[in-house]
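**Q** Right, I'll just put the structure down here and ask away after.
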Amino acid sequence: MRIKGADIDRARGVRRAYTLIFLLMMELVEELGSDRALEMLRKAVERQVGLFEEEFRRETTPCMNPIEMGFKAYRSFMEDLGAEVEVHKRGEASITLRVERCPLYEAMMDAGVECGDLQGGLCTNLILPSIQGILKRLDPALRLRAMLTRRSLEEFCLEDIYLGS
């Protein structure tokens, strides 16, 4: 998908905002240490999950299939971040999603974070726990797992939503 006109400006603005956040996070890690910064990040994630869940529940019907509800929540969360999400594979008990353009990843590159240094940590400590927290509140059996994490701008991520025990 090609971005045009106002969408290009909006995408740049989103990326700049995330770049600023990553630069701030890097300062926090340097000032407070990574353990304390991650603890603060986890607390912020918990608050974010609650806010998103309230908004999401107002926009959905409770009788949706759990996988479809999980997919809708995932897609809404990621697209609100500015990411491009497509269904990669759909099965009876799972949906695998392909994340193409990701302003978070692009902002890390802008902030000078090396490709492998923070990406896995960002997803592991912020994005995936946020989405997993939302899924768990929607249905305790819903799970999310990273199948493939991008390592360059040209690559993509694959993430799987499924019902677990």
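The values are calculated or read from the model by the stated rules, or taken from the named source; none is laboratory data. Note that the coordinates shown come from a computational prediction; the quantities given were computed from them, not determined experimentally. Note that we place each Cβ from the backbone using ideal geometry, even for glycine, and neighbour counts take in every protein chain shown. Each accessible area value is taken on the protein alone, full model and side chains, heavy atoms only, with ligands, DNA and RNA left out. Shrake-Rupley method; radii C 1.70, N 1.55, O 1.52, S 1.80 Å.
**Q** On average, how much accessible surface per residue is there in the chain, in Å², for a 1.4 Å probe, leaving out ligands, DNA and RNA?
**A** 60
**Q** In addition: I'd like the orientation of helix 66-80 relative to the chain: the angle between its Cα long axis and the longest Cα principal axis, in ° from 0 to 90, rounded to 10.
**A** That works out to roughly 20 degrees.
**Q** Something else about it: Mind checking the angle between helix 5-32 and the chain's longest principal axis? C-alpha axes, 0 to 90 degrees, to the nearest 10.
**A** Roughly 70 degrees, rounded to the nearest 10.
**Q** Let me ask another. Could you calculate the FRET efficiency of Asp110 with Arg145 from 1/(1 + (r/R0)^6), where r is the beta carbon distance between them and R0 is 30 Å, rounded to 0.05?
**A** That gives a FRET efficiency of 0.60.
**Q** Shifting gears a bit: Taking K and R as +1 and D and E as -1, what net charge do the other residues with C-beta under 12 Å from the C-beta of Arg42 add up to?
**A** It works out to a net charge of 0.
**Q** Order the peptides 137-144, 52-59 from the highest to the lowest mean number of other Cβ atoms within 10 Å of their residues.
**A** In descending order of packing, they fall as 137-144, 52-59.
**Q** Sticking with this structure for a sec: Kindly provide the helix-only [θ] at 222 nm of the chain, computed as the sum of -39,500 (n - 2.57) over DSSP H runs of four or more divided by all residues, to the nearest 500 deg cm²/dmol?
**A** Estimated from H runs of four or more residues: -19500 deg cm²/dmol.
**Q** Moving on. Give a residue-ordered list of calculated ³J(HN,Hα) values for the stretch 126-131 (Karplus: 6.51 cos²θ - 1.76 cosθ + 1.60, θ = phi - 60°; whole Hz; x for Gly, Pro).
**A** With the stated coefficients, the stretch 126-131 comes to 10, 5, 4, x, 4, 5 Hz.
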